[in-house]
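Reviewing the structure listed below.
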Amino acid sequence: MVSFLIAYTSWSGNTEEVAELIADKISREGIEVDTHRIGIGVLPDVNKYEAFCIGSFTWEKGSTPDEVKDFVAAIGFKPVPVYVFGTGDTQFGGDELFCKAAEKLARFYHSPFEPLKIEQSPRGTQEKLVTNWTKGVLDHWRHLQE
Ligand SMILES: Cc1cc2nc3c(=O)[nH]c(=O)nc-3n(C[C@H](O)[C@H](O)[C@H](O)COP(=O)(O)O)c2cc1C
């Protein structure tokens, strides 16, 4: 059984960068991780995984991209635990709408952990946010295994 599945959607590459950083940090801990780009290839069997991370950018007026809604519907159940990350841009509606899709996904899946919100690209100063979030997720997940 592979421990982590990271499914993400990304149009211009920001959310993909976050997904890659998270995957790298998890695998450096010796934990197996698969990544899946939403909408490409075969739907993954989420049941095969011990933990599920889902990442999305936010689209117009704080909405969740259609491909993410379709993916969530295609999975058809709520795995446990689900950890959520997203990218956004405060230029599109300020704090109110910033990374709203990540917030909505976290609420929908009853995520036990605060969603990670990254403004545009995670490279540079925000990489620390990804590092800390991933560390927190792994600590949370390890506690579940005890
Ligand atoms: C038309 C449009 C609408 C957007 N609306 C929002 C929004 O409501 N909230 C937000 O946080 N970001 C919004 N964004 C910013 C994107 O979510 C952000 O650029 C994101 O990092 C893109 O992710 P990607 O590079 O993985 O495709 C919008 C971007 C575009 C082009």
Using the basic label-point model (7 angstrom from Cα toward the beta carbon), what is the residue 119 to residue 43 distance in nanometres? 3.8 nm
Subtracting the Cα-Cα distance of residue 128 and residue 61 from 0.36 nm times their residue separation yields 21.4 nm
The stretch 28-59 scanned against label point 7 Å out from residue 139 along Cα→C-beta; backbone N under 19 Å for 28-31
Which number comes out as Rg/Rh for the stretch 2-52 once both Rg and the Kirkwood Rh are worked out on C-alpha atoms? 0.96
Of the residues 115, 94, 5, the Cα lying farthest along the dipole of the chain towards its positive end, which is defined by charges on the beta carbon of Lys, Arg, Asp and Glu, belongs to 115
So which chymotrypsin sites (Phe, Trp or Tyr not before Pro) in the stretch 1-101 pass both tests, a DSSP loop state and at most 12 other Cβ atoms within 10 Å of the Cβ? 11, 77
So what's the back-of-envelope 222 nm ellipticity for the chain, counting only DSSP H runs of four-plus at -39500 (n - 2.57) apiece and dividing by all residues, rounded to 500? -12000 deg cm²/dmol
Loop-resident trypsin sites (Lys or Arg not before Pro) in the stretch 85-136 with no more than 13 other Cβ atoms inside 10 Å, DSSP not H/G/I/E/B, are 123
Rounded to the nearest 5, what % of DSSP beta bridges with both residues in the chain are antiparallel? 5 percent
For the chain, using Cα atoms only, the Rg and Dmax in Å read 14.0, 43
Using the alpha-carbon centroid of each, what span in Å lies between the stretch 86-142 and the stretch 1-67? 13 Å
How about the stretch 31-66: which GluC sites (Glu not before Pro) there lie in a loop by DSSP and see at most 15 other Cβ atoms within 10 Å? 32
Dipole magnitude of the stretch 2-46 about its Cα centre (Cβ charges: Lys, Arg +1; Asp, Glu -1), debye to nearest 20: 60 debye
Using +1 on the beta carbon of Lys and Arg, -1 on that of Asp and Glu, and nothing else charged, what's the dipole of the chain about the Cα centre, debye to 20? 200 debye
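Each reported figure results from applying straightforward, stated rules to the coordinates on display, with no laboratory input. Here the structure is a predicted model, which is why all the values come from computation and not from measurement. We place every Cβ from the backbone using ideal geometry, glycine too, and count neighbours over all the protein chains shown.
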